[in-house]
Amino acid sequence: MSEPQPTRDLDRIRKELQLHRQWVEGKGGRRAELPFQDLSGLSLAGVKLAEAKLAGASLAGAKLPGADLSRADLFGADLEGADLTGADLSGADLRGANLHRATMNDVVLRGADFRAGQLATADGSTGRDGPAVLTEARMERAILCSAKLTGCDLSGADLLDADLSGADLSRCVLLGWT
């Protein structure tokens, strides 16, 4: 049995985002349910998707600077090439997520679960546009077990109490990290 492929229904996506915003603000609404949705390339700067259900969603190339994705379910999500500059991913479930070539400057990953997540290509190469950039990322207590971080720029990243057991840090830039 094959996995469901992401689908794109912009009207449904808009409605889910509106209802989720109301839910986050305590004005009714409900938590966003967007599993396996195609959100690729969308401009979602500053969107509030805290605790949203986005498992298996395609956010490849999405523009998410300043987005609140704290505690979001991003299990197996495709965030390849996404702009997550300044996004809050604290406590997010990023298990198996693909963040290859994602821009993650000043991202907050405090307590995020990134087991078996991928920030490099499966063969460990950096691809044509390079690996993810995690400069100044706040990743305290993040679970990065077996994560492929090959060649990532972790300059100034805060990895205090992060679980990096089995993580591949080969060719990473680690200047000024803690």
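Just so you know, all these numbers are worked out from the coordinates, no wet-lab data involved. Since this is a predicted model, take the numbers as computed values, not measurements. Because the Cβ atoms are built from the backbone with ideal geometry, glycine has one as well, and the counts that use them run over all protein chains shown.
What does the helix-only formula give at 222 nm for the chain: each DSSP H stretch with n ≥ 4 adding -39500 (n - 2.57), the total divided by the residues, and the result rounded to the nearest 500 deg cm²/dmol?
On the way: 1 runs with 15 residues, N = 178.
About -3000 deg cm²/dmol.
Computed from Cα atoms, the angle from the helix 10-24 axis to the main principal axis of the chain rounds to 80 degrees. The slack in the chain from Arg14 to Ser170, taken as 0.36 nm per residue of separation less the alpha-carbon distance, amounts to 52.1 nm.
How large is the convex hull of the C-alpha atoms of the chain per residue, in Å³? Display every interim value, and only then the final one.
Working: hull volume 18.7 nm³, N = 178.
Output value, Cα hull per residue: 105 Å³.
Each Cα pair under 8 Å and six or more residues apart adds its separation to the average, and for the chain the resulting relative contact order is 12 percent. Each of the peptides 20-30, 165-175 was scored by the mean count of other Cβ atoms within 10 Å over its residues; in descending order, highest first, they stand as 165-175, 20-30. Peptide packing for 97-105, 65-73 was compared via the average number of neighbouring C-beta atoms within 10 Å per residue; ordered from the highest value, the list is 97-105, 65-73.
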